[in-house]
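Read-outs: derived from the displayed coordinates by stated rules, not from any lab. Since this is a predicted model, take the numbers as computed values, not measurements. Neighbour counts are summed over all protein chains in view; Cβ atoms, including those assigned to glycine, are modelled from backbone coordinates with ideal geometry.
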Amino acid sequence: MKLNEAMKTSCMFMIVLAASLAGLSPLAAGSSQEQDHWYEIRLAGAHVGWQHSYTTVEADEQISTTDMAMTLKRGTMVIDVSVQSVWKELLSGAPVSVKMVQDMSAMKTITRWTFLPDMIKSMETSGGPPVTRELPLPKGSWMTPHQAQQYFIERMKAGEKEIDVKTMSPEIGPRIVTVTYTHVGDGELEIMGDSRDVSIWNMVNDAMPQMVTKQWIDGDGLMVASEIDIGIGKMMMTLVDRATAMKETNEEPEVFMALLIEPDRSIKDPWKARRAILRVRSKDGTPLDLPSVGCQTIAGEGEGYTTVVVDVDMPQPVLPGEQGNPEYLGQSAMINPKDEVILEMRDEVLKTVPRSSTALERAEAMRAYVFEYIEDKNLATAFASASEVARTREGDCSEHGVLLAALLRSHGIPARVVHGLVYAPGFGDKKQGAFGWHMWTQAMVDGNWVDLDATLPVRFSGGHVTTGTSSLAEGTGSTDMTNIVSQIGNIDIDVVRVDSE
């Protein structure tokens, strides 16, 4: 599969990621105990899905459920994604359990928390054996999403203009998140043929402060519309009836090309590029927080741009706080190095290298193995776990990244995934080629972070820009990748110099 074809899927995945992250904060709902509301989801003006939020009461428990489904299309490419969260709490407000189901590939990722007096019992599954943990309860008071909604409504009706609520969400992990609502105005909005008086609020949570959602809320506290800019277009949710929300459509949002970055000049033979100097800048003038990590060094900042040097032969040293971090050898639903299939694959790779081989040589052997192992570059696979990929042998850049990380960890080599951009030549009407959003792996070898891209026929190349890294430990993946959302559609790249083999 050509890299530019892989980039199409990677870029579509970034749309899905951004849209999914946009829904992490609790939505304001009506004040009644039992509710049932449908929303239409539109991206860049095109209908792409729906959300169904409903609350029921069974015996002494209140159950709050949110289902979201999206379909993104471009030509013959179709990516389906669905997310469900189910919170159970006693009528007194005490949390009982929460279940989160994310379906972005052939197998679902399921996270279950059960709240006990002194801990949270966690179980994650994603195409492999379940990963169970006992997590400490976070210190401090917090509210379930339903309690947070009711608290917001009470404070709104009392006339407050800035309201903080503290809650939790499995996507972010066992930590308290502060959601801040700020009143920015009042107005009228037509909803299902009726004009409603609404107050307008900006909502942001401290886990993802760069993502601001505007909400239109009626006098009963029901959210009737919301809007968030995800870089390549605005995602809008509007209160509708069930039939409107679930209607089938062939609409395709015109957002794909906004995910690609055409540099000022092309990179010849990019896989042979050993060292590249790039100038990266934001279109809106905001500072870019790019890391010096792996093969990437931030060489300086000029007027509105950051100079990035990517040197394949000069990896950056591991920082003191990273050395010994258990997350880089740890087990999660996305990266499970204890999976028996992963262990079998590791043993198969090690048979191909001599006993005297170095850690770097073994890491490269694993990278090359993953490059050959994933046979079906399935465009419908959005973000599968390493365990799933090990069994299906299908996926794209994120699947290569997590599978390689799992293999490395299974051999005792600390590893993490990297998100950023990769250059591909000859991309559609992009005469200079294009940088597209991508994911790869870093291994901790000999005190350095070494970049390994299992989607390429070579270990790594100078045509990469790192925007961030993640261990993909429980609750870290979403928050680690939120900086992507603020950068999508907002980056320009100039190629200053490229040194090849």
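Using the Kirkwood radius built from alpha carbon pairs, what does the Stokes-Einstein equation give as D for region 231-273 at 4 °C and 1.567 mPa s, in µm² per second? It would help to have the intermediate numbers written out before the result.
Numbers: Rh = 14.7 Å.
The diffusion coefficient I find is 88 µm²/s.
Rounded if a/c is under 1.5, else prolate if a/b beats b/c, else oblate: with a ≥ b ≥ c from the C-alpha gyration tensor eigenvalues square-rooted, which is region 76-168? Please list the in-between numbers first.
Working: a/c = 2.97, a/b = 1.43, b/c = 2.08.
In terms of gyration-tensor shape, oblate.
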Item to check | At R0 = 22 Å, FRET efficiency that the Cβ-Cβ distance of S500 and T358 yields, to 0.05 | outcome: 0.30
Checklist entry - Label D164 and V184 with points 7 Å out from Cα along Cα→Cβ: what is the distance between them in nm? => result 2.1
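Which shape class applies to region 171-245: rounded if a/c is under 1.5, otherwise prolate when a/b exceeds b/c and oblate if not, where a ≥ b ≥ c are the square roots of the Cα gyration tensor eigenvalues? Let's see the in-between values first.
Numbers: a/c = 1.92, a/b = 1.59, b/c = 1.21.
Verdict is prolate for region 171-245.
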Item to check | Spin-label pair E340/V86, simplified geometry with 7 Å Cα→Cβ offset, distance in nm | outcome: 2.9
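Can you compute the charge dipole magnitude of region 394-457 about its Cα centre, using +1 on each Lys and Arg Cβ and -1 on each Asp and Glu Cβ, nothing else charged? Give it in debye, rounded to the nearest 20. Before the final figure, lay out each step's value.
On the way: 4 positive and 7 negative charges, 29 e Å.
Dipole about the Cα centre, nearest 20: 140 debye.
Please work out the ratio of the alpha-carbon Rg of region 119-236 to 2.2 N^0.38 Å and round it to two decimals. List each step's numbers first, then the result.
Working: Rg = 17.2 Å, N = 118, 2.2 N^0.38 = 13.5 Å.
For region 119-236, the normalised Cα radius of gyration comes out at 1.28.
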Checklist entry - Toward the positive end of the charge dipole of region 308-382, about the Cα centre and with charges on Cβ (Lys, Arg +1; Asp, Glu -1), which of I374, S356, G321 goes farthest? => result S356
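In deg cm²/dmol and to the nearest 500, what is the mean residue ellipticity at 222 nm of the chain if only DSSP H runs of at least 4 residues count, each as -39500 (n - 2.57), divided by the residue total?
On the way: 9 runs with 93 residues, N = 501.
Here the helix-only value at 222 nm equals -5500 deg cm²/dmol.
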Item to check | Dipole magnitude (debye, nearest 20) for the chain, charges at Cβ of Lys, Arg, Asp, Glu | outcome: 1200
Item to check | Shape call, region 222-360: gyration tensor on alpha carbons, a/c limit 1.5 | outcome: oblate
Next on the checklist: Charges on Cβ only, +1 for Lys and Arg, -1 for Asp and Glu, centred on the Cα centroid of the chain; of I488, P253, T467, which one is farthest towards the dipole's positive end?
Outcome noted: T467
Checklist entry - Based on the alpha-carbon gyration tensor of region 378-464, what equivalent-ellipsoid semi-axes (square roots of 5 times the eigenvalues) come out, in whole Å, largest first? => result 24, 18, 8
Item to check | Paramagnetic reach from A243 (point 7 Å along Cα→Cβ, amide N under 20 Å) across region 47-69 | outcome: 47-53
Item to check | In Å, descending, principal axis extents of the Cα set of region 307-448 | outcome: 47, 37, 29
Item to check | Rounded to 10°, Cα long-axis angle of helix 359-373 versus longest principal axis of the chain | outcome: 70
Checklist outcome for this item: Taking only the alpha carbons of region 195-294, the radius of gyration and the largest Cα-Cα distance, Dmax, both in angstrom, are 20.5, 62
Checklist outcome for this item: Longest principal axis of the chain (C-alpha) makes with the long axis of helix 145-157 (C-alpha) an angle, in degrees to the nearest 10, of 50
Checklist entry - If you find the alpha carbon centre of region 311-353 and of region 200-216, how far apart are they in angstrom? => result 36
